[in-house]
Amino acid sequence: MKIVEAKEFGGPEVLAVSEVPDPAPGPGEAVVGMVAVDTLFVDTMIRSGAAQDFFAVRPPYVPGGGGAGRVLRVGKGTDPQWVGRRVLTYTGDLGGHGGYAERVAVPAEGLIPVPDGVDLRVAAALLHDGVTAMGVLEGVAIRPGERVLIVGATGGMGVLLVQLARAAGAHVIAAARGERKLALARALGADEVVDCSGDGWTEGLGEVDVVLDGVGGDVGRAAFEVVARGGRFSAHGAPAGGFAAVDPEEARRRGVTMRGIADLQYGMAERGRLAAAALAEAAAGRLRPVIGQTFPLEQAAEAHAAIESRRVVGKTLLRT
């Protein structure tokens, strides 16, 4: 079978396709034939070597935290009724058994059934971003009528946050870069849109009750300035060069409740609960991930390059 390995830290070109034997399921495991593989900005950071302080990953390794497919085989002690079922699955801790592969062996206890009517690509798009989006919304507890600024509103998770915030009754302000992305935010139901690509982009916005920051850096820091006293700020994204640097003392003085990426680290049981909730919303037609682009598994390097260039809209997936 084919896998993609990062042979060393570096640019997208370090990703190489290899042929390896098919995995065999051990006790309590299942082999999943992957149909769609989730691809994240953090995958590019790890591959570049920029996240060594946060992830204990060293080359060579197979990137990818999971995806969606069908169960092909099960090991001893695993219910044989899993065979043939459509599932979501995580693939370890970003180490040498990642999801950039045609088939993966995973613990059966972590398999998440995909409801009938939900396409496997849609399911894969919800594996990480859906879980995080559901967790973010639970954490900030949006109330009807609140003004919510979503920064990075057209990324894989941003498009979900726009929909979930709207469903919660919020007045949604979507911040993104360029008219193409702003048009998508409008189509998703944002009440207002703002281009955050230049300085002074928050001028005229007024105060907001909640900021959901998926960008970080100076953009996220500017968004913090418009949070009203007693508001909430979720700093869960870092593609602009790190999470938004907010002075804790300033946040305390203004009574702003801060939430960060540490609040979104879940054990497998909680991941499963949130993933099932996201899949149920998708099955009911209330949550629609935007899959902006897919690449064959063999073109993982091109997928990484596209993500890093900021050319992508919505979710990027690999297909096997």
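Every number here is computed from the coordinates shown, using simple stated rules; none is lab data. This is a predicted model, so every value here is computed, not measured. Don't worry about glycine lacking a Cβ; one is built from the backbone with ideal geometry, like all the others, and counts go over all protein chains shown.
For the reader, a short list of remarks on this structure follows.
- Gaussian network model of the chain, springs between alpha carbon atoms under 10 Å - residue of Leu127, Leu279, Leu184 with greatest fluctuation: Leu184
- About the centre of its Cα atoms, segment 196-261 shows a dipole size close to 320 debye [charges on the beta carbon of Lys, Arg (+1) and Asp, Glu (-1) only; nearest 20 debye].
- Protection proxy ranking, highest mean first, for peptides 197-204, 228-235: 228-235, 197-204, where packing is the per-residue count of other beta-carbon atoms within 10 Å, averaged.
- DSSP-defined antiparallel bridges as percent of all bridges, segment 129-264, nearest 5: 0
- Inter-part distance where segment 119-144 and segment 1-80 are each reduced to a Cα centre, Å: 22
- Selection from Gly158, Val118, Pro144, by position along the positive dipole direction of the chain (Cβ): Val118
- With both residues required to sit in the chain, DSSP beta bridges show an antiparallel share near 50%.
- Note on the chain: with charges restricted to the Cβ of Lys and Arg (+1) and Asp and Glu (-1), its dipole about the Cα centre is near 660 debye.
- Within straight-line reach of Lys2, meaning a Cα separation under 29 Å, sit the following lysines at least 8 residues removed in sequence or on another chain: Lys76, Lys315.
- Along its first, second and third principal axes, ordered by size, segment 231-297 spans 45, 27, 24 Å in Cα coordinates.
- Shape class of segment 129-264 from the alpha-carbon gyration tensor: rounded, with the ratio a/c of largest to smallest axis under 1.5.
- Report summary: the helix-based calculation at 222 nm, which adds -39500 (n - 2.57) for every DSSP H run with n ≥ 4 and divides by the residues of the chain, gives -8000 deg cm²/dmol.
- Dipole of the chain computed with +1 at Lys/Arg Cβ and -1 at Asp/Glu Cβ about the Cα centre; of Leu274, Ala223, Val74, farthest Cα towards the positive end is Val74.
- Largest-first ellipsoid semi-axes for the chain, taking √(5λ) over the Cα gyration tensor eigenvalues, angstrom: 34, 21, 17
- Candidates Leu88, Leu205, Leu274, ranked by Gaussian network fluctuation over the chain, Cα under 10 Å, top entry: Leu205
- Footprinting exposure proxy ranking of Tyr100, Tyr266, Tyr61, Tyr90, fewest other C-beta atoms within 10 angstrom first, gives Tyr266, Tyr61, Tyr90, Tyr100.
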